[in-house]
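The values are calculated or read from the model by the stated rules, or taken from the named source; none is laboratory data. Here the structure is a predicted model, which is why all the values come from computation and not from measurement. Virtual Cβ from ideal backbone geometry, glycine too; neighbours counted across all protein chains shown.
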Amino acid sequence: MDNKVLIVDGHLDLSMNAMEWNRDLRWPVNDIRLSERGMTDKPDRGKGTVSFPSMQSGNVFLCMATQIARSVRPGSTIPGWNSPEQAWSHTQGQLAWYREMEECRELIQIRNVSQLEKHIHQWQSPTGRLPVGYILSLEGADSIVSIKHLEAAYNYGLRAIGLSHYGPGIYAGGTDSEEGLNARGKDLLKEIGNLKIILDASHLNDVSFREVMDHYDGPVWASHNNCRKFVPHNRQFTDEQIRELIGRDAVIGVALDAWMLVPEWRGGISTPENRGVSLKQVIQNIGHICQLAGDSLHAGIGSDLDGAFGREQSPVEIDTIADLQKIPPLLSDIGFSDTEIINIMSGNWIRFLKKNLGNN
Ligand SMILES: [Zn+2]
C-alpha cells in the first residue's frame, strides 16, 4: 500500500485535553509542546501527541471523541468530582468546546448514517481541507445524573457510552474495582437500549462485564481495549471476553498506552525505550483479536493517544498521531492483505457504525 490509508480512531479524549490540559488542538503538536515547557502539573506535559494538524496529516478522518468526568464517593483515592451534577456540568463545558471546534471547521459531528456516508465520500476525494469527523462518546456514565440527562445527551448527539471508568462508579464497577452492575445501572442500560446508543464495554471489570452482557442485547463495542493474554490486568480482556464480544459483532479498538502493551509497566520508572514498547505489541494485539475471530473484521484502532499520557508512555515509533500510518506496513509485513488492513484501520468501525448509528 503506497498511499496513506484513511484511519478511524475509536478513542480520543480531545475535549479533556482542551479543557483540562489547556491545549489548543488547532496548534501543531510541537507548538503545544513548546507552550508546556517547564510545566510539571501532569506527567505528559510537553509530550502530547495529538492535535488537529497531526490528525489531518495522518489521515485520521474520523474518531470517537469523548466527554469524560468521573464522580467519586467521599474518601475516594481516585480523583473525581464530588457529585454527578458537577460531573455533568463539566461534560457540558466539554460539549461547548466541541461546538466551538465545529464553528471553526476543525471538527464535524457525525450523528447518523447519512452524515457518515457523506463524510466518507468527501474524504475519499477531498477538495481542500476537510474537518475531522467525530462521534460523540461518553467515557464512564457517572456524569449522567438521571435518565432525563441521558435523553438530553442523545439529543445533542451522544452516540456511544461506557458505564464506568476507573473505580466503583455510579452505575457499574470499573477498572480495578470489585463491584458489579447495580440496579440504577440496569435501568440506565435499558434506556441506552431504547435510545439505541452504542454501549462501550471498555473499563468494565470482570463482574460488571458479565452482568452487562447478561442484561443488554444492543450494539456493543470496546473503543480502547487490549488483550489480557499479553498484559495480565483486569483492564484488558480475557480471550473468553473477546470471543463473547466477537460473537456480538463488536469491534475492539487496540490502545497505544504503554502500560496496556507490556506487563508490569511502572509509572515514572518504565520508559518505552527501556521496556521495548513499540508498534510490535500493537500488531500483536490486533493479530490476537483476528486469530480469535478467525477473520479481520473485529479489530480496530482505539489509540487513546493523549488519554492522560504522551510520548513518555507511547510506542517508540509514535511522535504524533500521524504515525498511526506506520501500522499498515507492519500488518502487511506479517501477511495481512490490503483488504484486511483497510478493515482494521477504518473499515470495521465504519461497518459497525453503518449498521448501528441509525438515522436520527
Ligand atoms: Zn480509558
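Among the numbered conditions (1) within 25 Å of residue 302 (Cβ to Cβ); (2) crowded, with 19+ Cβ neighbours inside 10 Å; (3) out of contact with any helix residue (DSSP H, G or I) (no Cβ under 6 Å at 6 or more places or on another chain); (4) not aliphatic (A, V, I, L, M), the only one that residue 23 does not meet is (3). Taking residues in segment 1-28 that are in a loop (DSSP other than H, G, I, E, B), and partners anywhere that are basic (Lys, Arg), the pairs with Cβ atoms closer than 8 Å and at least 6 places apart or on different chains are 21/42.
Within segment 288-304, residues that are among the charged types (D, E, K, R) reach partners that are outside any loop (DSSP other than H, G, I, E, B) with beta carbons closer than 7 Å, at six or more positions or on different chains, in the pairs 304/11. Residues that are under 21 Å from residue 267 (Cβ atoms) and of a type in the set (Gly, Ala, Ser) were ranked within segment 39-63; the one that is surrounded by the most Cβ atoms within 10 Å (Cβ to Cβ) is 48. Inspection of segment 38-51 identifies at least one residue that is touching a strand residue (DSSP E or B) at 6+ places or on another chain (Cβ under 9 Å) and on the phi < 0 side of the Ramachandran plot. Residue 301 passes every criterion in (1) farther than 25 Å from residue 121 by Cα; (2) buried (at least 20 other Cβ atoms within 10 Å of the Cβ) apart from (1).
Sort out which residues of segment 327-360 are over 18 Å from residue 10 (Cβ atoms) and at pLDDT 95 or above, and write them in order of number. Outline the logic, then answer.
As a first pass, look at segment 327-360 and keep what is over 18 Å from residue 10 (Cβ atoms): 329-330, 332-339, 358-360.
Correct list: 329, 330, 332, 333, 334, 335, 336, 337, 338, 339.
Is it true that residue 195 is more than 16 Å from the ligand (Cβ to nearest atom) and in contact with a helix residue (DSSP H, G or I) (Cβ under 6 Å, 6 or more places away or on another chain)?
Values: more than 16 Å from the ligand (Cβ to nearest atom): yes; in contact with a helix residue (DSSP H, G or I) (Cβ under 6 Å, 6 or more places away or on another chain): yes.
Yes.
Within segment 117-132, the set of residues being touching a helix residue (DSSP H, G or I) at 6+ places or on another chain (Cβ under 6 Å) and either of a type in the set (Phe, Trp, Tyr) or not in a strand (DSSP E or B) (or both) comprises 130 only.
Considering segment 172-192, and only residues there that are of a type outside the set (S, T, N, Q) and within 16 Å of the ligand (Cβ to nearest atom), the residue that is nearest to residue 139 (Cα to Cα) turns out to be 174.
When segment 108-122 is filtered for residues that are over 29 Å from residue 191 (Cα atoms) and crowded, with 17+ Cβ neighbours inside 10 Å, only 120 remains.
Identify, please: which residue in segment 33-55 is of a type outside the set (D, E, K, R) and out of contact with any helix residue (DSSP H, G or I) (no Cβ under 9 Å at 6 or more places or on another chain) and is, among those, farthest from residue 221 (Cα to Cα)? Top of the filtered list is 38.
Scanning segment 230-262 for residues that are closer than 22 Å to residue 311 by Cα, without any contact (Cβ under 8 Å) to a residue 40 or more places away in the chain and more than 17 Å from the chain's Cα centre (by Cα) returns 231, 262.
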